[in-house]
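Throughout, read-outs are computed from the coordinates displayed, never taken from laboratory work. Please read these numbers as outputs of a predicted model, since none were measured by experiment. Methodologically, a virtual Cβ is constructed for each residue, glycine included, from the backbone with ideal geometry; neighbour enumeration extends over all protein chains shown.
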Amino acid sequence: MKNFKTKTDLVEAHLLQHKTITSWEAIRLFKLTRLAAIIFKLRNKRNKVVWDIRTDKMEYKGQRYAKYVLVTLPNSELSVNTQPQKKEKK
């Protein structure tokens with residue numbers, strides 16, 4: 001993985017590649033516990049990041065969490081990629 005100067009750069013690169021991130025993913029992948037603060041910084045850098053409040057239906061029934069989504073502007077239209085990411089087999 002490329003070396004990043006800040007945690008903000010790391011999250012921004014993840015959003016550019018995967019389009020979404022949750023707090024739990026940030027903890028598991030990057031040991032990052034203050035994702036909301038990073039998202040705030042990204043918004044100040046003129047990135048369009050929105051959130052969707054989800055409810056866990058599997059492991060922790062009823063637990064609510066935020067899923068952050070990077071919004072892109074292809075062809076001057078606002079669109080959000082909400083399709084699940086396919087994992088590549090190694």
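Return the subset of LYS7/LYS45; LYS19/LYS67; LYS31/LYS57; LYS19/LYS48; LYS5/LYS45; LYS31/LYS61 for which the Cα-Cα distance in this structure is over 21 Å, preserving the input order. Kindly include the intermediate steps, with their values, before the conclusion.
Working: LYS7/LYS45 14 Å; LYS19/LYS67 10 Å; LYS31/LYS57 24 Å; LYS19/LYS48 11 Å; LYS5/LYS45 16 Å; LYS31/LYS61 24 Å.
Listed pairs above 21 Å: LYS31/LYS57; LYS31/LYS61.
Here the relative contact order of region 7-76, from alpha carbon pairs under 8 Å that lie six or more residues apart, stands at 33 percent.
Put a plus charge on the Cβ of each Lys and Arg, a minus charge on the Cβ of each Asp and Glu, and nothing anywhere else: the dipole of region 7-76 about its Cα centre is then about 180 debye.
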